[in-house]
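Let me begin by presenting the structure, written as structure tokens, before commenting on it.
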Amino acid sequence: MRDEAAGGGSPSAPPSGEVLRLPGFAYFWSATTIRAFGGAIAGVGFQILIVTVIEATPMQISVLSALSVVPYLFLGLIIGALMDRWRRQRALVLTTIGRALALASIPALLLLDALNFWSLAAVILTIGVLTLFTDSAAQPLLPRIVPRRSLVMANARLGQSETVAATAGPALGGALINLLGPSILFALDALINVVAAFLQSRIKVVEPRPEPRAAGRHVGHDIAEGMQYTYRHPTLRPLALSVHVWFLGNSIVSTVFAVFVLRELDLPSWAYGVALGVGGVGGFLGAMIAPRVGSWLGAGRAILVGRALVVIPWVLLAVAPLSADSGVAVVLVAVSASQFLYGFAMGIEDTNDISYRQGVAPDGIQGRMNSTIRTVNRIVFFVGALLAGVLMTSFGYQVTIAIGAVVFAIAALVIVFSPLRDARHEDHAELR
């Protein structure tokens, strides 16, 4: 792997330290932010189409939900390898345009009265594949737009805006679909993706050609090289393993949480929405302080803090003597507090986790390293969601939440007993 392939052409850090002053990142951030809002709005639109327009059966609903994960399971590693050989900015722009076209097909299908389970499934699967390409191109492109010493701040800015979008977007989507109807809502989201593609095309970035493959090598060898690099690296290996375990815990608690709160604790839908909104506020604040925490404690300890903090809210929910008789106010306060701390912890760890990955790996293997971790995470999440159903049936909601908390604690312990604990962002700030 050539060192010069890891970063020549990156801009210097802005004197103020504010990465939004870098024109390339300003375009990247703007495109990512409006896409995040568009995605959150469209998510509500898809739910309404599935339930009220095509009137899907429970089995059809589960199939449509699974289609969003399927591309990662079957194509994640291949696309990650391709992103180390293709121009990432071009892939980002073209797939964002593709998303716009796929979203625009929804109004056309509604107009032609041709929207049914099969046509909607085709659209969802297409968008899933395009989103996989987009995400696989965006993550390794960022270190070429932003100096490595500024990656933590850049990811913090991205995390803040995406948290706001995830919190406010669903409410905005619900209001817009009532006001405009599904056809105009999806046309609007298609337009948002067109604007995002334009902003992405304005990014000025140098992407050197990759070295040609040696005779007899093919994409399978590239994938294997990416996996070997990830799981043999002294700090990326424990980081990847910790993330995988974290995803197992998260799949368990996220599967049981809504059922426990809405059914067992009988929390009204409006209060459930408020609790999720409070979680979004926690995520925003966590992302705000993440750069300072990473600078003060170092990357490894900052990630460890996030991993450790995320255990607390689920332990509290597991042991708290809550029931439907506790009253809406008491349940709302407890659930909101747990969601706030959960979001806060993720805001700290996500920013430092992603930034460290982007900073430590050479450019020529960024796509494969990220796709390796991301693909295994999706597989683990899929298995964990199924496991959560078995645990809920066998032991009940709070015991299942407690098991999820134990899994989160194991994810933190992986870091405690590894070299990652002492890793710092600046150790690789000048890697080129």
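What percent does the relative contact order of segment 292-432 come to when contacts are Cα pairs within less than 8 Å and at least six residues apart? It comes to 48 percent, rounded to a whole number. With a cut-off of 13 Å between beta carbons, the residues surrounding Val19 carry a summed charge of +3, where Lys and Arg count +1 and Asp and Glu -1.
Here the Karplus relation 6.51 cos²θ - 1.76 cosθ + 1.60, evaluated at θ = phi - 60°, turns the backbone of segment 397-404 into coupling constants of 5, 5, 5, 5, 4, 4, 4, x Hz, with x for every Gly and Pro. The reciprocal of the average 1/r between distinct C-alpha atoms defines the Kirkwood hydrodynamic radius, which for segment 362-432 equals 15.2 Å.
The share of alpha-carbon pairs in segment 14-157 lying farther apart than 19 Å comes to 59%. Compactness check for the chain: Cα Rg over 2.2 N^0.38 Å is 0.97. Heavy atoms only, probe 1.4 Å: what % of the accessible area of the chain goes to carbon and sulfur, would you let me know? Within the chain, the accessible surface is 68 percent carbon and sulfur.
For the listed peptides 305-313, 201-209, a ranking on the average number of other beta carbons within 10 Å per residue, highest first, reads 305-313, 201-209. Taking a point 7 Å from the Cα of Glu426 along the Cα-to-Cβ direction, none of the residues of segment 335-364 has its backbone N closer than 11 Å to it.
When you restrict to C-alpha pairs under 8 Å that are six or more residues apart and normalise by the size of the chain, the relative contact order lands at 28 percent. The helix-only estimate of mean residue ellipticity at 222 nm for the chain, built from DSSP H runs of length n ≥ 4 each weighted as -39500 (n - 2.57), is -26000 deg cm²/dmol after division by the residue total. Straightening the chain between Arg85 and Leu180 buys 30.0 nm, computed as 0.36 nm per residue apart minus the Cα-Cα spacing. Between Thr57 and Arg149, the contour length at 0.36 nm per residue exceeds the alpha carbon distance by 28.1 nm.
Rounded to whole Å, the principal axis extents of the Cα atoms in segment 284-336 read 45, 20, 10, largest first.
Placing a pseudo-label 7 Å from each Cα along the Cα-to-Cβ vector at Arg209 and Ala108 gives an inter-label distance of 3.7 nm.
Were the residues from His218 through Ala121 laid out at 0.36 nm apart, the gain over their Cα-Cα distance would be 31.7 nm. Here the dipole of segment 324-432 is about 320 debye; that uses its Cα centre as origin and unit charges on the Cβ of Lys and Arg (positive) and Asp and Glu (negative).
The values are calculated or read from the model by the stated rules, or taken from the named source; none is laboratory data. Since we're looking at a predicted model, the values are computed, not measured. Note that we place each Cβ from the backbone using ideal geometry, even for glycine, and neighbour counts take in every protein chain shown. Just so you know, the surface numbers come from the protein's heavy atoms only, side chains and all, with ligands and any DNA or RNA stripped out. Shrake-Rupley method; radii C 1.70, N 1.55, O 1.52, S 1.80 Å.
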